[in-house]
Amino acid sequence: MAPWGSAQGSPAWRSAQLLLLVVSCCGNGALAEHSENVHISGVSTACGDIPEQIRSPSGTITSPGWPSEYPARINCSWYIHANPGEIITISFQDFDVQGSRRCSSDWLTIGSYKNIEGYRACGSSIPSPYISSQDHVWIRFHSDDSISRKGFRLAYFAGKSDEPNCDCDQFHCANGKCIPESWKCNNMDECGDNSDEEICAKANPLAASSFQTCAYNQFQCLSRFTKLYTCLPESLKCDGNIDCLDLGDEIDCDVPTCGQWLKYFYGTFSSPNYPDFYPPGSNCTWLIDTGDHRKVILRFTDFKLDGTGYGDYVKIYDGLEENPRRLLRVLTAFDSHAPLTVVSSSGQIRVHFCADKVNAARGFNATYQVDGFCLPWEIPCGGNWGCYTEQQRCDGYWHCPNGRDETNCTMCQRDEFPCSRNGVCYPRSDRCNYQNHCPNGSDEKNCFFCQPGNFHCKNNRCVFESWVCDSQDDCGDGSDEENCPVIVPTRVITAAVIGSLICGLLLVIALGCTCKLYSLRMFERRSFETHLSRVEAELLRREAPPSYGQLIAQGLIPPVEDFPVCSPNQ
């Protein structure tokens, strides 16, 4: 590939610049790096020996291969861990698992403990929502070697059970709980008190008098703009634009052709009709081949899919082939936030967009670029540190690891950096030392490096080195507790030391008592042998007197009748 400077005068460069100019106008901070808080589990590593650890506050989990059939003889485990004091709500969007008596063949279980089974489900009926009582949930999926089905797709959301306020894209339940707005009026009680379903308005069919008589070259349509029935010309049917609220003008049409082969080292693409609704049944594939061996950074600057029916999705593969083993991400309606960033391992990416014929939404807009190249409206950070936009200059947040976008700002002195555009500044020594010097804490955000004595977390935060491997998640992503050696707790060591001291003291006492007893015995023996008189010693040495039989044998006494007589030698 030609270097950046030599490509600027080429026709390809000019056409690509015009092509991407619209992206720069969509949002100044759209291409900034953001940390993502949504978990997507597609072709998961959970189906191995180690459960998949999930710490994101919301996300989706699917069975391996969903929406295709799951493999036979698999065992998958997911462990969702929320913040302390939060609960986890699980809502199923699709469920088709082999049914059996007591769910003994294929099954899905949800519970609070790893080795204690909780809720078990199988069959084709969508299970009711699951609301945990603790800040963690274990999910296990098992299949035997007989029948395989489509599998399952579930979404989870973590939050406190009593919140005073909810975000703009969330619904506030009557019991104080917050759930995603998309869960409202879906005939599923995710709140736990059914308040998300009680407020749903009853569908009131329009009276027959609201229908109009249309001409032969027109058709009846419930307008998505006026919410009233009207007559539209037949030419608006299957034109790729949704005009009717019930999608009647586009729902029975042929699948529109879309997709593209993209070969520039940067570019943009979007769903059909973006920013208007994409046609139902859209099936598009974009093949990105930059011709460079370096990674490709794919960013979705806008993303909004429909979640009704089987759900629309975008699958991103590492390479040009549709290989399930190289699936990078599966994006659905639950990822309706921007920007979303996906990075490949090579210069090729395959993006597949599939929509059902139930409903539609705005769609998405995406950009891609080779890692290390800056877009026309971006400024290099220097070296291989990435890029930033003019709008990100001196905004208080480091978008360059070397801080080039925040240096020499007019509101600060030399070698100082702004907290924001309000004039407050701080020196380099106060950057990323786990002490907030800015009112908004911007001096501790986007920390690509930490001050000495601090540990660099994977989420670009800094904590004290003394807090590493202390059994406390100080980073927020658990990276300060990874690869820690097995350390015996201090209280166990203290108890062992105290027990050893007590045992040693008892042993010393026992040895002392033994020595004392031995000493007393020896003293008594020596005292006995010392105080014997000559007469007593002579008596001790005298022979024993003869027996009665010996006296008779010697004739010293008369014999007694029937008494046994001993010989003199006895």
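The values are calculated or read from the model by the stated rules, or taken from the named source; none is laboratory data. All figures in this text were calculated on a predicted structure; none of them were measured in a lab. Here Cβ is always computed from backbone atoms with ideal geometry, including for glycine, and neighbour counts include all displayed protein chains. Side chains included, ligands, DNA and RNA excluded: accessible areas come from the protein's heavy atoms. Shrake-Rupley method; radii C 1.70, N 1.55, O 1.52, S 1.80 Å.
Which condition from (1) in the same structural domain as E69 (by the TED database); (2) of a type outside the set (D, E, K, R); (3) under 21 Å from G59 (Cα atoms) is the one that S125 breaks?
(3)
What about I297, is it among the β-branched types (V, I, T), closer than 25 Å to G372 by Cα, out of contact with any Asp or Glu (no Cβ under 8 Å at 6 or more places or on another chain) and not assigned by the TED database to the domain that holds S63?
When the stated conditions are applied, I297 does not pass them.
Given the structure, is Y264 touching a helix residue (DSSP H, G or I) at 6+ places or on another chain (Cβ under 6 Å) and either of a type outside the set (G, A, S) or modelled with pLDDT of 80 or more (or both)?
Considered against the rule, which asks whether it is touching a helix residue (DSSP H, G or I) at 6+ places or on another chain (Cβ under 6 Å) and either of a type outside the set (G, A, S) or modelled with pLDDT of 80 or more (or both), Y264 comes out as yes.
With crowded, with 16+ Cβ neighbours inside 10 Å and within 27 Å of the chain's Cα centre (by Cα) as the only criterion, which of C354, C387 stands out?
Going through C354, C387 in turn, the sole match is C354.
Could you figure out which of (1) open to solvent by 80 Å² or more (accessible area, probe 1.4 Å); (2) within 25 Å of G386 (Cβ to Cβ); (3) of a type in the set (A, V, I, L, M) isn't true of I498?
(2)
Is at least one residue of the stretch 469-486 more than 22 Å from D443 (Cα to Cα), open to solvent by less than 60 Å² (accessible area, probe 1.4 Å), outside any loop (DSSP other than H, G, I, E, B) and of a type outside the set (K, R)?
Looking through the stretch 469-486, at least one residue is more than 22 Å from D443 (Cα to Cα), open to solvent by less than 60 Å² (accessible area, probe 1.4 Å), outside any loop (DSSP other than H, G, I, E, B) and of a type outside the set (K, R).
Kindly indicate the residue of the stretch 332-351 that is closer than 30 Å to A158 by Cβ and at pLDDT 90 or above and also most open to solvent (accessible area, probe 1.4 Å) among those meeting that condition.
Selected residue: V343.
Considering only the stretch 90-121, how many residues are open to solvent by 20 Å² or more (accessible area, probe 1.4 Å) and of a type in the set (F, W, Y)?
Within the stretch 90-121, residues that are open to solvent by 20 Å² or more (accessible area, probe 1.4 Å) and of a type in the set (F, W, Y) number 3.
Return yes or no: is S124 in contact with a strand residue (DSSP E or B) (Cβ under 9 Å, 6 or more places away or on another chain) and open to solvent by 50 Å² or more (accessible area, probe 1.4 Å)?
Yes.
Which one of the conditions (1) open to solvent by 60 Å² or more (accessible area, probe 1.4 Å); (2) of a type outside the set (K, R); (3) within 23 Å of R153 (Cβ to Cβ); (4) over 29 Å from the mean Cα position of the chain (by Cα) does Y278 fail to meet, given that it meets all the rest?
The failed condition is (1).
Of all residues in the stretch 171-198, how many are under 18 Å from F92 (Cα atoms), among the charged types (D, E, K, R) and not in a loop (DSSP other than H, G, I, E, B)?
3
If I ask for residues that are over 21 Å from C381 (Cα atoms) and modelled with pLDDT under 85, which ones from the stretch 391-435 would you list?
Listed by number, the residues that qualify are N422, G423, V424.
Here's a check for you: in the stretch 127-160, which residue that is aliphatic (A, V, I, L, M) and buried (at least 19 other Cβ atoms within 10 Å of the Cβ) is farthest from the chain's Cα centre (by Cα)?
L154
Filtering the stretch 425-451 down to residues that are assigned to a loop (DSSP other than H, G, I, E, B) and among the hydrophobic types (A, V, I, L, M, F, W, C), which residue is most open to solvent (accessible area, probe 1.4 Å)?
F449
Please find, within the stretch 67-78, the residue that is nearest to the chain's Cα centre (by Cα) out of those that are open to solvent by 20 Å² or more (accessible area, probe 1.4 Å) and closer than 24 Å to Y313 by Cα.
In this case the residue turns out to be S77.
Is it fair to say N204 is modelled with pLDDT of 80 or more, polar (S, T, N, Q), part of a loop (DSSP other than H, G, I, E, B) and over 27 Å from P279 (Cβ atoms)?
No; evaluated as a whole, the condition is false for this residue.
Hey, among S195, S132, S148, S112, which residue is touching an Asp or Glu at 6+ places or on another chain (Cβ under 6 Å) and modelled with pLDDT of 80 or more?
S148
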